[in-house]
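Heads up: the structure comes next, in structure tokens.
The values are calculated or read from the model by the stated rules, or taken from the named source; none is laboratory data. Keep in mind that what you see is a predicted model, and the values were worked out from it rather than measured. Don't worry about glycine lacking a Cβ; one is built from the backbone with ideal geometry, like all the others, and counts go over all protein chains shown.
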Amino acid sequence: MNFTLRNQNGITLIEVIVVMAMIGLLAALAIPASWMREPTELAVEGAARELASNLQLAREWAMRDGVSYHVYIYPGTSSYSINKGKPSSSTVIKSFSLNNRVVFGTGGTIPVSYVRYSRDGHSFQNGTIELIDTGGKFSRKIRVTVYGSVYYIE
């Protein structure tokens, strides 16, 4: 019997598996820690950023229309709305609902359940609004100044 070796082109299955394992290991090490956060933490962060954006929107509408706007926070719920007009006779312009894992916390310093913006964009309230997950593990705060500025606090 005469066996001859032929030139082999290509790669073996074992080589492919080893390369894929190395790529997977490198990818796992390269993922930033922020990508590996819990879904509830991400839900709280997303809700806080959305609330900050809607506070800014109410401020912009107040300056555009020349009337006061309010962002009403409904205590004990995860709902809030943007209202137009005086607090005693305002009209709901748009309603919002936070993620079902997020509620308004009691750690905020704004003493009323709304943030009011005057027609020049100033806020009548100064302080923070807290959002927490339903388990109470994660929280984020939004800071509102009397000048109307809104800050997301990490």
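Taking the stretch 84-94 as the range and being surrounded by 15 or more Cβ atoms within 10 Å (Cβ to Cβ) and not aliphatic (A, V, I, L, M) as the test, the residues that pass are Lys84, Ser90. Does any residue of the stretch 95-110 turn out to be surrounded by fewer than 16 Cβ atoms within 10 Å (Cβ to Cβ) and more than 19 Å from the chain's Cα centre (by Cα)? Yes; the residues of the stretch 95-110 include at least one that is surrounded by fewer than 16 Cβ atoms within 10 Å (Cβ to Cβ) and more than 19 Å from the chain's Cα centre (by Cα). Please tell me if Thr106 is in contact (Cβ under 8 Å) with a residue 24 or more places away in the chain, part of a loop (DSSP other than H, G, I, E, B) and touching a Phe, Trp or Tyr at 6+ places or on another chain (Cβ under 8 Å). Judged against the criteria, Thr106 is not a match. You will find that of Ser90, Ser118, Ser123, Ser113, the residue that is touching a residue at least 12 places away in the same chain (Cβ under 8 Å) and within 21 Å of the chain's Cα centre (by Cα) is Ser113 and no other.
Scanning the stretch 112-137 for residues that are assigned to a loop (DSSP other than H, G, I, E, B) and closer than 17 Å to Tyr147 by Cα yields a count of 8.
For the stretch 131-150, the criterion of a residue being more than 22 Å from Val44 (Cβ to Cβ) and exposed (fewer than 13 other Cβ atoms within 10 Å of the Cβ) is satisfied by at least one position. Kindly indicate the residue of the stretch 37-69 that is among the β-branched types (Val, Ile, Thr) and at pLDDT below 90 and also farthest from Gln125 (Cα to Cα) among those meeting that condition. The residue in question is Thr40.
Residue count for the stretch 62-75, restricted to those that are more than 15 Å from Ile110 (Cα to Cα), surrounded by fewer than 18 Cβ atoms within 10 Å (Cβ to Cβ) and either touching a residue at least 12 places away in the same chain (Cβ under 8 Å) or of a type in the set (Asp, Glu) (or both): 4.
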